[in-house]
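Asks: Take this structure first; my questions come after.
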Amino acid sequence: LKFRLAGYPRKHNEGRVEVFYNDEWGTICDDDFTLANAHVLCRHLGFVAATGWAHSAKYGKGVGRIWLDNVNCAGGEKSIGDCKHRGWGNSDCSHEEDAGVICKDERIPGFKDSNVIEVRKPQARVGSRWRGVGAGRHGAFLRKGHGQRKGQQPQAEWPLTPPLPPGRVSGLLSPCRLFTERQQLNYRLHSVSCVGTEVHLSMCSFEFYRGNASAACGAGMPAVVSCVPGPLFATGSAHKKKQRQPQQGQPRIRLKGGAKVGEGRVEVLKSSEWGTICDDRWNLLSASVVCRELGFGSAKEALTGARMGQGMGPIHMNEVQCLGTEKSLWSCPFKNITQEDCKHTEDAAVRCNIPYMGYENLIRLSGGRSRFEGRVEVAVGAGDGDQPRWGLVCGEGWGTLEAMVACRQLGLGFANHGLQETWYWDASNVTEMVLSGVKCAGHEMSLSHCQHHGTSLNCRNTGTRFAAGVICSETASDLLLHAPLVQETAYIEDRPLHMLYCAAEENCLSSSARLANWPYGHRRLLRFSSQIHNNGRADFRPKAGRHSWVWHECH
């Protein structure tokens, strides 16, 4: 069973419930519906619980079958199929009775959202076959498959649309390579016609071959493409410098709060102040304009409800409605915001399609209690078809910035800790140090892009216990000091020493205070108010565990 939320208007955590059963999407009738049913469905969708449900097609009428009716769950069931109901497809309802749910906006940790357009990673061979996998609102969604023998596209009427910057297409290749295997070709699609701004191939117009597909495309050949990574993904440690050269002046758009490259909360610059975008009407077309403007591919997901953390400062745009052809988000129609319209809990975010670079195949973790932690092992000498040699990273100088890059390369999110000793994770037979002196800026996509000693290894302690390790997390806190408040509230005060015993005990005074004539005299202090905002998606906790906290009479 697969589940998705649909309908309009809605936020990302609410909508009409649609269920994929027997190769067909359908809805659920609202007869006898309860909050317990909503709890089970919200867990299916990756949310921890439900806060409510909706009847009478509040989010619009669905189409297709009404799969379930008179559903009666206790609330603890693992699947909606385990609840009592009339039987699959047995219903006396119309789509005017489609049920919806409102889920609590808190994700189940580690839950993978399948309700997105996903393109599989390409293999070394260029010839790709396209296979239809079900239908959506815009026609059949296509996934790039490999090794299937059916569903190839013909080359007839396949022009090379002027490419958009991110995923530059170098042109159509000779299809001769495909015939090295002398396999029977079965065509599924023809007359594919894209404008070039679509977010996915399924959004282009095309026609299906009906009946005997093997006799189709008599005059044509299979369509073949070759993609070139954009400038952001140029290999080597200088890739960040290369990226900055073409952009003259300060960019007016950026992504914040995302763990991976090409994802984050969308922030725009207006009147010298960075601000966010409200998620009303936020969709894949507008998100794709953002992604392409930043040098990525089209958008994989348009996220609402501050899924990438809440921003600070003004909200500059609302109800952005791009056509998809715009070069910049500022060229799209949008409404200016009023304070009542939106809050930062509605900040829009994106996940962009990025080239598959294979960086995650060059790193792995060993010995940890879960896949999110362990000793870092890297592959060296994997070029020219050689078998890679796995080795350890010297823990000397290894810190949070290096751990951030390692976690990003592994696809595991943010870094909780960078560890210089890992004797407790001694579970692998890899014992050789192969990398030392690793020094990262934090933005790199791979450890190989960071500074390091190269082949001339220089590590004081080469024993496995001194190998670098990481603990990664899908969410993280992100603390930000409210700087203007410090400026506005700062003042100087002369304070008597007898009122400063606690401050002295906690080392808040400068070292010369020790020489003062306690409790007489005074110190001149800079006083100010401060506000620390947590913009991240996890609570901030002190590094020291509770067992090491001490009670102090000063507070």
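Asks: Going residue by residue through the range 482-492, is there one that turns out to be touching a strand residue (DSSP E or B) at 6+ places or on another chain (Cβ under 7 Å), in the same structural domain as Gly381 (by the TED database), over 26 Å from Asp539 (Cα atoms) and not aliphatic (A, V, I, L, M)?
Replies: no
Asks: Looking only at the range 167-213, filter to residues that are in a loop (DSSP other than H, G, I, E, B) and open to solvent by 70 Å² or more (accessible area, probe 1.4 Å); which one of those is modelled with the highest pLDDT?
Replies: In this case the residue turns out to be Val195.
Asks: Same structure again: Answer with yes or no whether Val101 is modelled with pLDDT of 90 or more, in a strand (DSSP E or B), farther than 30 Å from Asp539 by Cβ and under 28 Å from the mean Cα position of the chain (by Cα).
Replies: No.
Asks: How many residues are in contact with a strand residue (DSSP E or B) (Cβ under 9 Å, 6 or more places away or on another chain), part of a helix (DSSP H, G or I) and under 30 Å from Asp426 (Cβ atoms) if we restrict to the range 327-381?
Replies: Count: 2.
Asks: Any residue that is within 30 Å of Leu419 (Cα to Cα), crowded, with 16+ Cβ neighbours inside 10 Å and in contact with a helix residue (DSSP H, G or I) (Cβ under 6 Å, 6 or more places away or on another chain) - is there at least one of those in the range 475-493?
Replies: Among the residues of the range 475-493, not one is within 30 Å of Leu419 (Cα to Cα), crowded, with 16+ Cβ neighbours inside 10 Å and in contact with a helix residue (DSSP H, G or I) (Cβ under 6 Å, 6 or more places away or on another chain), which makes the answer no.
Asks: Of the residues that sit in the range 414-447 and are at pLDDT below 90 and of a type in the set (Gly, Ala, Ser), which one is nearest to the chain's Cα centre (by Cα)?
Replies: Within the range 414-447, the match that is nearest to the chain's Cα centre (by Cα) is Gly442.
Asks: Does at least one position in the range 448-456 carry a residue that is hydrophobic (A, V, I, L, M, F, W, C), within 35 Å of the chain's Cα centre (by Cα) and either under 30 Å from Lys260 (Cα atoms) or exposed (fewer than 13 other Cβ atoms within 10 Å of the Cβ) (or both)?
Replies: Among the residues of the range 448-456, at least one is hydrophobic (A, V, I, L, M, F, W, C), within 35 Å of the chain's Cα centre (by Cα) and either under 30 Å from Lys260 (Cα atoms) or exposed (fewer than 13 other Cβ atoms within 10 Å of the Cβ) (or both), which makes the answer yes.
Asks: Can you tell me how many residues within the range 214-270 are closer than 18 Å to Gln310 by Cα, open to solvent by less than 60 Å² (accessible area, probe 1.4 Å) and at pLDDT below 90?
Replies: Going through the range 214-270 one residue at a time, the tally reaches 3.
Asks: Quick one: which of Leu500, Leu435 is touching a helix residue (DSSP H, G or I) at 6+ places or on another chain (Cβ under 8 Å), open to solvent by less than 70 Å² (accessible area, probe 1.4 Å) and not assigned by the TED database to the domain that holds Val378?
Replies: After applying the criteria, what remains is Leu500.
Asks: Further question: Would you pick out the residues in the range 43-81 that are without any contact (Cβ under 8 Å) to a residue 40 or more places away in the chain, open to solvent by 40 Å² or more (accessible area, probe 1.4 Å) and more than 27 Å from the chain's Cα centre (by Cα)?
Replies: Lys61, Val63, Ala74, Gly76
Asks: Taking the range 269-285, which residues are within 13 Å of Cys322 (Cβ to Cβ) and either touching a residue at least 60 places away in the same chain (Cβ under 8 Å) or of a type in the set (Lys, Arg) (or both)?
Replies: Passing the criteria: Ile277, Arg281, Trp282, Leu284, Leu285.
Asks: Is one or more of the residues making up the range 292-313 in a helix (DSSP H, G or I), basic (Lys, Arg), in the same structural domain as Ala348 (by the TED database) and within 20 Å of the chain's Cα centre (by Cα)?
Replies: Scanning the range 292-313 turns up at least one residue that is in a helix (DSSP H, G or I), basic (Lys, Arg), in the same structural domain as Ala348 (by the TED database) and within 20 Å of the chain's Cα centre (by Cα).
This table checks each residue for (1) outside the structural domain of Leu329 (by the TED database); (2) under 21 Å from the mean Cα position of the chain (by Cα); (3) modelled with pLDDT of 95 or more.
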residue: His344; (1), (2), (3): no, yes, no
residue: Asp347; (1), (2), (3): no, yes, no
residue: Val380; (1), (2), (3): yes, no, no
residue: Arg389; (1), (2), (3): yes, no, no
residue: Gly397; (1), (2), (3): yes, no, no
residue: Cys407; (1), (2), (3): yes, yes, yes
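Asks: Going through the range 389-417 one residue at a time, which ones are open to solvent by 60 Å² or more (accessible area, probe 1.4 Å), more than 19 Å from Glu432 (Cβ to Cβ) and either touching a residue at least 60 places away in the same chain (Cβ under 8 Å) or assigned to a helix (DSSP H, G or I) (or both)?
Replies: Result: Thr400, Leu401, Met404, Asn416.
Asks: Could we say that Cys508 is over 30 Å from Ala306 (Cα atoms), outside the structural domain of Ala406 (by the TED database) and touching a Cys at 6+ places or on another chain (Cβ under 6 Å) here?
Replies: Spelling it out, it is not the case that Cys508 is over 30 Å from Ala306 (Cα atoms), outside the structural domain of Ala406 (by the TED database) and touching a Cys at 6+ places or on another chain (Cβ under 6 Å).
Asks: On to the next question. Checking the structure you have, find out if any residue of the range 481-495 is at pLDDT 90 or above and of a type in the set (Lys, Arg).
Replies: Scanning the range 481-495 turns up at least one residue that is at pLDDT 90 or above and of a type in the set (Lys, Arg).
Asks: For residues in the range 1-13 being hydrophobic (A, V, I, L, M, F, W, C) and part of a strand (DSSP E or B), which is farthest from Glu77 (Cα to Cα)?
Replies: That would be Ala6.
Asks: Considering each residue of the range 299-315, count those that are touching a residue at least 60 places away in the same chain (Cβ under 8 Å) and open to solvent by 20 Å² or more (accessible area, probe 1.4 Å), and give that number.
Replies: Counting residues in the range 299-315 that are touching a residue at least 60 places away in the same chain (Cβ under 8 Å) and open to solvent by 20 Å² or more (accessible area, probe 1.4 Å) gives 5.
Asks: Which of the residues spanning the range 4-29 are open to solvent by 20 Å² or more (accessible area, probe 1.4 Å) and either within 10 Å of Ala99 (Cβ to Cβ) or touching a helix residue (DSSP H, G or I) at 6+ places or on another chain (Cβ under 9 Å) (or both)?
Replies: Passing the criteria: Lys11, Asn13, Arg16, Tyr21.
The values are calculated or read from the model by the stated rules, or taken from the named source; none is laboratory data. No experiment lies behind these values; they were computed from the predicted model shown. When we count neighbours, we look across all protein chains shown, and the Cβ atoms used for this are built from the backbone with ideal geometry, even at glycine. Heads up: the accessible areas ignore ligands, DNA and RNA and are worked out on the full protein's heavy atoms, side chains in. Shrake-Rupley method; radii C 1.70, N 1.55, O 1.52, S 1.80 Å.
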